[in-house]
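The values are calculated or read from the model by the stated rules, or taken from the named source; none is laboratory data. A quick note: this is a predicted structure, and the numbers were derived from the prediction, not measured. For neighbour counting, all protein chains shown are included, and Cβ atoms are generated from backbone atoms with ideal geometry for every residue, glycine included. Protein only, heavy atoms only, side chains kept; ligands, DNA and RNA dropped before computing areas. Shrake-Rupley method; radii C 1.70, N 1.55, O 1.52, S 1.80 Å.
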Amino acid sequence: MKNRIFLRLLAFILTLVMVLSLVSGCSSKKKTETKTETKTEEKKEETKKEEPKKEEPKKEEPKKEEPKKEEKKEEAPSGATYELNELGQLPLVKSGEAVLSIGLPQSPSVTDYEDNYLTNYLEERGGFEIEFVFFPTSGTEARQKLELMISSNQELPDIVTSIGVGSIGKQTYGQQGVFLAIDDWLETETFWFPQAKERWLTEQEKEDIVTFYKSTDGKTYGFPYVTCDPTDNVAHCLWINKPWLDTLGLDVPKTTDEFFEALVAFRDKDPNGNGIDDELPFTGANAWVSDPIETLMNAFIYYSPYRLNVENGVVSVPYVEEAYRDGLRWMNSMIKENLFDASSFTMDGAQHKAIFDLPDDQVSYCGSFTGHPYTKFAIDNPHRTEYVHAFPLEGPNGVAYAPTRVTGYGYSCFITKYAEDPLLAFRFLDSQCDPEAAITVRWGKEGVNWVWAEEGETTRLAPLGYKPVFKELEIIWGTENNTIWNANPFNFAPGAVYAGTVAKPQEEFTSEAAYLGEIIYHESIFDLMRPECTPDETVTIMVYTAEEDALVTEIGTPILEYERECRAAFVTGTMDIDKDWDSYIDTLYSMGLEDYIATVQTCYDRMYK
């Protein structure tokens, strides 16, 4: 029984082995045939792919035979390849497809960034496509968004521009590697930048551009553009109503005493002739270059927007000096005599403009003001021509300064670590130093919005040595348009470019008021830019270390806020200039004034000595 069972089991096992062998053989044969067929098909495909290479081998040969140092083969985000042109040649991308992403605050007055003349112009010069990454219009909100993106490691565009992060933010993000240091490229990969420096900058500006663009670690993180109107540096003007002076038989005042007497006459003698006691002798505002104390104080002591002075290399602050106190006392006497509008310390720019920008048939009721006339009147308003400059006034001790500032050295254009091709981004920024590109970014299309200056033409600032560069045609800056971006995100247009605007003849102005207003304004600039209007030594831009900046912010900011609060109180009389002065000084020193000055001195010594 056992043997029979064993024999049956053995027979079953042998049968199973034979079946499995047959199946395995068929399967093996199938796999071999499939593999052979696949190899045959692959061989056919390889033959097909190789055939074009035999027919057109030229496409690869130039790169192997002529590997120029200036050319660079890059892998674009799309996977396509492109080559950079030789340094200084346009377009920047020689062949292939490239994309450059740019992040900037979005201007509400730009109707279209894609269908935009400037966008197309930059893409054509660059040989690439621009992708926009927009930040909020508000400077504060734009900075906050950028800070959030960095802190959360969000990818940034290749270039971030026109967002103020300050010198410390610039250095911090640079040291973190978020913003790339560009020092080596400034030496080896610039073509237009060095030419622009030589063509446009004075010797002092050449020194300043280096002093200001390097961080305290010695590195450069923002491209060193300079973009400024030189008249903005001395825009603090004191204006007085010339028809009123003529009516009263008075000359334009040159001293603080003469100015005071003119205001008394404005108050008492109905110079606008309407028979109403409505004259406002003098006013200022809490608006751009309209600070009345900042303007008038310079007849007593140099008092600039930086609130810092220096003499023989020693830094000081003006607002603890007796001369400053004398200036406050004089202005307080104006308030007591109802010559100085007390609302000047709270009035904003729009409220201030409403005093001056009156209908043509309405008589003026203000005798004198501080501020920029372009922000007080519509360009064609005839009331604009009634005011002439009376500045700088000379004080009782012969002081007659004009507060100045240094503008245009922002360096807020950065290449980020996320840039697909940092060298392409850098060469693009360098190319914006080309005069044509710089003017196009700010003024618009050549032949429509501007043209190059012609022989025989001149500028309004020719008496200061500026030469004509270009002529404005249709002005679109600040208007709704799709020609420019209404910003200066990257262009090298220093004072020589702005001041090189050709002086237009009267017939090209929209009105006589517009023409005369421009003449009167530039005449004021000639006086304010005289060397004697500024001390031989001044403190302007300071590039602090992180430690210095922390102390200046912690101590200096509250000190400046306290000084601003007290000066208005002294002038209006809510603080007594005699009884409360000592307490005011003691408070400043208790707030850390000595440490603040010492910190500024350390930075000044490092930068300027």
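Being within 20 Å of residue 420 (Cα to Cα), under 21 Å from the mean Cα position of the chain (by Cα) and not acidic (Asp, Glu): is that true of residue 128 here?
no
What tally of residues in the stretch 342-382 results from selecting those that are in a loop (DSSP other than H, G, I, E, B) and open to solvent by less than 30 Å² (accessible area, probe 1.4 Å)?
Adding up the residues that qualify gives 8.
Applying the selection to the stretch 414-466, what residues are of a type in the set (A, V, I, L, M, F, W, C) and modelled with pLDDT under 95?
461, 462, 464
Taking the stretch 497-510 as the search range and keeping residues that are at pLDDT 95 or above and of a type in the set (Gly, Ala, Ser), which one is nearest to residue 118 (Cα to Cα)?
Top of the filtered list is 500.
Return the residues of the stretch 425-476 that are within 27 Å of residue 221 (Cα to Cα) and among the aliphatic types (A, V, I, L, M); say none if nothing qualifies.
Across the stretch 425-476, the qualifying residues are 425, 429, 437, 438, 439, 441.
Could you please find all residues in the stretch 522-547 being open to solvent by less than 40 Å² (accessible area, probe 1.4 Å), within 30 Å of residue 503 (Cα to Cα) and assigned to a loop (DSSP other than H, G, I, E, B)?
Of everything in the stretch 522-547, just one residue is open to solvent by less than 40 Å² (accessible area, probe 1.4 Å), within 30 Å of residue 503 (Cα to Cα) and assigned to a loop (DSSP other than H, G, I, E, B), namely 534.
Out of all the residues in the stretch 449-472, is one or more under 29 Å from residue 135 (Cα atoms) and open to solvent by 30 Å² or more (accessible area, probe 1.4 Å)?
Checked against the condition, which is being under 29 Å from residue 135 (Cα atoms) and open to solvent by 30 Å² or more (accessible area, probe 1.4 Å), the stretch 449-472 yields no hits at all.
Could you count how many residues in the stretch 173-196 are in a helix (DSSP H, G or I) and either in contact with a strand residue (DSSP E or B) (Cβ under 9 Å, 6 or more places away or on another chain) or surrounded by 19 or more Cβ atoms within 10 Å (Cβ to Cβ) (or both)?
Counting residues in the stretch 173-196 that are in a helix (DSSP H, G or I) and either in contact with a strand residue (DSSP E or B) (Cβ under 9 Å, 6 or more places away or on another chain) or surrounded by 19 or more Cβ atoms within 10 Å (Cβ to Cβ) (or both) gives 6.
So, in the stretch 123-145, of the ones that are touching a strand residue (DSSP E or B) at 6+ places or on another chain (Cβ under 9 Å) and in contact (Cβ under 8 Å) with a residue 40 or more places away in the chain, which residue ends up most open to solvent (accessible area, probe 1.4 Å)?
So the residue we want is 127.
Just name the residue that is farthest from residue 478 (Cα to Cα) out of those in the stretch 438-462 that are in a loop (DSSP other than H, G, I, E, B) and touching a Phe, Trp or Tyr at 6+ places or on another chain (Cβ under 7 Å).
Among those residues, the one meeting the criterion is 453.
Name, by its number, the condition in (1) more than 30 Å from residue 313 (Cβ to Cβ); (2) in a loop (DSSP other than H, G, I, E, B); (3) open to solvent by less than 10 Å² (accessible area, probe 1.4 Å) that does not hold for residue 486.
(3)
Is it the case, given these coordinates, that residue 553 is open to solvent by less than 60 Å² (accessible area, probe 1.4 Å) and either under 19 Å from residue 434 (Cα atoms) or among the hydroxyl-bearing types (Ser, Thr, Tyr) (or both)?
Spelling it out, it is not the case that residue 553 is open to solvent by less than 60 Å² (accessible area, probe 1.4 Å) and either under 19 Å from residue 434 (Cα atoms) or among the hydroxyl-bearing types (Ser, Thr, Tyr) (or both).
A quick yes/no check of all residues on (1) at negative phi; (2) without any contact (Cβ under 8 Å) to a residue 12 or more places away in the chain; (3) in contact with a strand residue (DSSP E or B) (Cβ under 7 Å, 6 or more places away or on another chain):
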{"position": "276", "(1), (2), (3)": "yes, yes, no"}
{"position": "279", "(1), (2), (3)": "yes, no, yes"}
{"position": "284", "(1), (2), (3)": "yes, no, yes"}
{"position": "308", "(1), (2), (3)": "yes, no, yes"}
{"position": "329", "(1), (2), (3)": "yes, no, no"}
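Can you confirm whether residue 513 is touching a residue at least 12 places away in the same chain (Cβ under 8 Å), closer than 30 Å to residue 426 by Cα, in contact with a helix residue (DSSP H, G or I) (Cβ under 8 Å, 6 or more places away or on another chain) and not in a loop (DSSP other than H, G, I, E, B)?
no
Just one of the numbered conditions (1) closer than 30 Å to residue 293 by Cα; (2) in contact (Cβ under 8 Å) with a residue 60 or more places away in the chain; (3) under 25 Å from the mean Cα position of the chain (by Cα) is not true of residue 381; which one?
(3)
Hey, can you tell me all the residues within the stretch 82-131 that are hydroxyl-bearing (Ser, Thr, Tyr) and in a loop (DSSP other than H, G, I, E, B)?
Once the filter is applied, which keeps residues that are hydroxyl-bearing (Ser, Thr, Tyr) and in a loop (DSSP other than H, G, I, E, B), the stretch 82-131 yields 107, 109, 111, 113.
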